Amino acid sequence: MSFLQLRGLRKSYGNVTAVGGINLEVAAGSRTAIVGPSGCGKTTLLRLIAGFETPDAGSIVLDGTELAGNGEVVPAHRRGIGVVAQDGALFPHLSIAENIGFGMARNADRRDEHIAELAYVVGLDRAILKRRPHQLSGGQQQRVALARAMARKPRLMLLDEPFSALDTGLRASMRKAVAELLEQAGIATILVTHDQAEALSFADQVAVMRDGLFSQLGAPRDLYAHPKDRMIAEFLGDAIILPARISSGIAECAIGHIGVDTSERRDVARIMLRPEQVFLEPASPQQAANPPPNVVFGEIVESEFAGAVSTIALRVLNSLDPPDAAVIGNHPLILRRSFVDTPTVGATVRITVLGKAHVFD
Ligand code: ADP
């Protein structure tokens, strides 16, 4: 049996359905990320699990104990759940040490030692324990919030966009540090975020949420490579979506004959490639003018430098009989390239696809 189970969880505010019937299983010690656009119900779902809100319907079972359901509700402070909010929500008038130790009994054994240990575990210097929250950086404040939540030895940790106030570099390192820390402590974690890269890198399972419901739930790699629909595909990253004709596991489309992730036969379908699957090799206009069978060439029509990665627009020169080649002809493919590997505008390239294309249902 899973550690946390949500069954048919619902919550409305007036006529707004914030959470519309969520089912979720979370394994002990695992990491789940819930990702979705602003207003889709992520925070409400976390607040229901934490016990800050009461569901209208459905049940929440944690480690075999029903926390909500059948009219019964276990109050938030008895759930053994840690919560770290977006702003850290530290107590401004208390020292860092007192913030961390807030949930510990005043006369607890080795209290100061335990506070110092927790500070060490989240990577904070002992010297800051006497300071007040306003004397700390955003990243340090988030670490304090995490240490405070861990001090209560939670069975489950809920993180509500805890990294959103941090700079990009710090954000990635904090995310990694927090993931390792929670894993070592064996604490199951649910992270809510609107940042798809954060969700994909943090979690063992990712739920994409839309309008109060999970549109898709799965392992990060599965979701990225096999999204259920176009919206999920584009939410999780850049996507090239092409019309194709499919038979015997091959999609015939504007940029060639590409293996697909289904053996079904379809006359017409939409396929998806991630831009990083499209490989470009230098070629000459002469080669493109007389293309060998099944070889596709393109021309770079735009290039935009943006640091490490450039965005280029690629016009396909000899589409291979797609159902509606004209569509592709008018819309160049948008790709991203490393700055050392960006062809110049006007260059002719040979297009090859790595890996399989995904076919939408
Ligand atoms: P997210 O965290 O994904 O941005 P929320 O859970 O905060 O989404 O909100 C989901 C929907 O529920 C939104 O339409 C929001 O306006 C509404 N909502 C959330 N909390 C309340 C509340 N306390 N009262 C009224 N409406 C709310």
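With each label modelled as a point 7 angstrom along the Cα→C-beta vector, the Glu276-Asp211 pair spans 3.1 nm. Once Lys and Arg get +1 and Asp and Glu get -1 on their Cβ, which of Leu242, Ala199, Thr348 lies farthest toward the positive end of the dipole of the chain? Positive-most Cα among the choices belongs to Ala199. Placing unit charges on the Cβ atoms of the charged side chains and taking the dipole of segment 25-166 about its Cα centre, the candidate lying farthest along the positive direction among Gly71, Ala27, Ile81 is Ile81.
Taking every alpha-carbon pair in the chain and binning the separations at 10 Å intervals from zero gives 5, 20, 24, 20, 16, 10, 4, 1, 0 percent.
The charge dipole of segment 89-244, taken about its Cα centre with unit charges on the Cβ atoms of Lys, Arg (+1), Asp and Glu (-1) only, comes to about 600 debye. In terms of its Cα atoms, segment 214-361 spans 45, 37, 23 Å along the principal axes, sorted from long to short. Available extension along the chain between Ser137 and Ala177 is 12.7 nm, counting 0.36 nm per residue and deducting the alpha carbon span. Using a probe of 1.4 Å on the protein chains alone, the accessible area found for Asp109 is around 140 Å². The charge dipole of the chain, taken about the Cα centre with unit charges on the Cβ atoms of Lys, Arg (+1) and Asp, Glu (-1), comes to about 980 debye, rounded to the nearest 20. Between the alpha-carbon centres of segment 111-160 and segment 250-288 there is a gap of 50 Å.
Using only Cα coordinates, the Kirkwood hydrodynamic radius of segment 67-165 works out to 14.1 Å. The Cβ shell under 14 Å around Arg210 holds other residues with a net charge of 0, Lys and Arg each +1, Asp and Glu each -1.
Given R0 = 45 Å, the distance between the Cβ atoms of Ala76 and Asp361 translates into a calculated FRET efficiency of 0.65. Modelled spin-label separation between Gln184 and Lys130, with each label point placed 7 Å from Cα along the Cα-to-Cβ direction: 2.7 nm. In terms of Cα to Cα distance under 26 Å, which lysines are near enough to Lys228, apart from those fewer than 8 places away along the same chain? Partners within reach: Lys11, Lys42, Lys356. For segment 264-291, no residue has its backbone nitrogen under 15 Å from a point 7 Å from the Cα of Val301, taken along Cα to Cβ.
When its C-alpha radius of gyration is set against 2.2 N^0.38 Å (N residues), segment 182-259 gives a value of 1.38. Under the criterion of Cα pairs below 8 Å and six or more residues apart, the relative contact order for the chain equals 16 percent.
In the chain, carbon and sulfur make up what percent of the accessible area (probe 1.4 Å)? Heavy-atom surface of the chain belonging to carbon and sulfur, 1.4 Å probe: 50 percent. Rolling a 1.4 Å probe over the protein chains gives Phe279 an accessible area of about 100 Å².
Site pair Val268 and Ala308 shows an inter-label distance of 4.1 nm when each label is modelled 7 Å from Cα along Cα→Cβ.
At a probe radius of 1.4 angstrom, the accessible area of segment 178-330 per residue rounds to 46 square angstrom. Over all pairs of different C-alpha atoms in segment 92-226, the reciprocal of the mean inverse distance, the Kirkwood hydrodynamic radius, equals 16.1 Å.
The values are calculated or read from the model by the stated rules, or taken from the named source; none is laboratory data. Everything quoted here is computed from the prediction, not taken from an experiment. So basically every Cβ, Gly included, is an ideal-geometry build from the backbone, and we count neighbours across all protein chains shown. Heavy atoms of the whole protein, side chains included, go into the accessibility calculation; ligands, DNA and RNA do not. Shrake-Rupley method; radii C 1.70, N 1.55, O 1.52, S 1.80 Å.
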